[in-house]
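A short write-up of the structure that comes next.
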Amino acid sequence: MHPDDERARKLVTALSKADLDTLITLLPGIWPRPGNEVYSILRLIFAQAQRDHVNLLHPPTDFHAWLLPAAAQNNRGGQARSNTVRMRLALLSKLYSALQDEGLLLTHPLRGLMRPPNERADAPLLSRIDLERLHLHARLDHTLYGALILIDEHAYRVRDLLALHWEDIDPDTGSALRPHALTRLSGAALKALRPLQSSAGGPLYARGRVFPYRQERDLRLALFQTCKAANVPYTPPGELRRVSLRDHAHTPQSAGFSAQDARRLAQATALAQGVANALGAGNSGTLPDNSSD
């Protein structure tokens with residue numbers, strides 16, 4: 001076998017098996033960073049591909065919907081920053097471009113991918129009009145709609161949504177037990193949860209987790225697909241939570257903060273609204289908060 005043919009076979013095999021080590025070794029001249037850094041940046045995507053049995057050589061039709069949440073993972077859970085996601089996608093694009101230049105791919109799998117916006121200090125959060133359009137498109141998915149309403153009405157974090165059980169909600173008072181507070185759910189939140197409660201057996205018999213997502217990326221994938229359908233920028237749950245802090249007059253209890261830690265809520269709210277005012281954008285400011293979702 002000709003050496004070039006052998007190398008091509010190894011490249012194709014490595015990509016189909018999501019073997020990142022081999023790809024980095026066989027393509028030393030394409031990377032803008034040292035190989036160990038490339039491995040660190042891309043490894044979560046390749047590990048997710050192996051777990052989900054996604055063939056990166058012949059991606060599925062919903063590849064973009066799978067890829068964005070996979071690229072948005074953090075090592076310790078939560079949501080990666082937009083610039084981190086963009087860097088991962090840029091390196092993956094370089095890999096595909098190199099294989100296309102070598103005649104091993106007919107088309108570029110990342111063509112037409114909707115990347116997250118470049119992070120800037122003045123990058124605005126999602127507008128209220130866009131958020132309402134997102135909610136409207138999510139109504140047919142009772143699970144996602146309930147999650148989005150809890151995020152908007154009560155600034156829920158993703159991890160707290162996934163940990164919420166029906167036993168945590170008092171059907172008599174409509175209060176929900178959270179890690180640091182007891183939140184009296186709004187009428188809109190209770191209404192959004194009713195279809196899920198009915199499916200779980202009704203107020204007297206509903207047990208177990210409220211939101212049946214197996215992991216964070218399942219919720220993010222559903223959100224990504226709905227953002228696309230609603231024609232609004234993909235906005236991760238952590239940023240939707242900041243929209244809630246920006247737009248609503250929360251108490252510590254309504255936003256899940258400890259009553260003894262009211263200063264944190266005041267600081268978060270002031271940042272969200274203060275940046276918006278500084279930009280002269282009304283309700284479209286961003287909250288520079290590095291906390292996880």
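Structure notes:
- With protein chains left intact and a 1.4 Å probe, residues in the chain average 51 Å² of accessible area per residue.
- Note on the chain: with charges restricted to the Cβ of Lys and Arg (+1) and Asp and Glu (-1), its dipole about the Cα centre is near 160 debye.
- Farthest positive-ward along region 1-122 dipole, Cα basis, beta-carbon charges - from LEU15, TRP31, ALA65: ALA65
- Long-range HN-HN contacts of GLN79 with modeled amide H, under 5 Å: ASP293
- Charged-residue dipole, Cβ positions (Lys, Arg, Asp, Glu), region 69-136 about Cα centre, Debye nearest 20: 160
- Here the Gaussian network model covers the chain, with springs between Cα atoms less than 10 Å apart; of LEU204, LEU148, LEU105, LEU204 fluctuates the most.
- Applying 1/(1 + (r/R0)^6) with R0 = 51 Å to the Cβ-Cβ distance of MET114 and TYR205 gives a FRET efficiency near 0.75.
- Highest-MSF residue in the chain out of PRO34, PRO203, PRO69 [GNM, Cα springs under 10 Å]: PRO34
- Chain lengthening between ASP52 and GLU6 when straightened (0.36 nm per residue, less Cα-Cα): 13.8 nm
- Over the chain, relative contact order from alpha-carbon pairs under 8 Å, at least 6 apart, %: 18
- Close amide-amide hydrogen proximity is noted between LEU182 and no other residue 5 or more places distant or on a separate chain, at a cut-off under 5 Å (H modeled in the peptide plane; Pro and chain starts excluded).
- Mean separation of Cα contacts under 8 Å (6+ apart) over length of region 1-145, as relative contact order %: 19
- For region 162-181 and region 30-86, distance of Cα centres in Å: 35
- Among complete DSSP H helices in the chain, those whose alpha-carbon atoms stretch at least 18 Å along the helix's long axis and whose mean Kyte-Doolittle hydropathy reaches 0.0 are 82-101, 187-199, 262-279.
- Contour minus Cα-Cα distance for ARG264 and ALA65 (0.36 nm per residue): 68.1 nm
- Extension gain, THR173 back to ARG128 (0.36 nm per residue minus Cα-Cα distance, nm): 13.3 nm
- Positive-end residue, region 123-170 charge dipole about Cα centroid, Cβ charges, pick of GLY146, LEU134, TRP166: LEU134
- Computed over region 166-256, relative contact order equals 31 percent, with contacts defined as Cα pairs under 8 Å that lie 6+ residues apart.
The values are calculated or read from the model by the stated rules, or taken from the named source; none is laboratory data. All figures in this text were calculated on a predicted structure; none of them were measured in a lab. For neighbour counting, all protein chains shown are included, and Cβ atoms are generated from backbone atoms with ideal geometry for every residue, glycine included. With ligands, DNA and RNA removed, areas are computed over all heavy atoms of the protein, side chains included. Shrake-Rupley method; radii C 1.70, N 1.55, O 1.52, S 1.80 Å.
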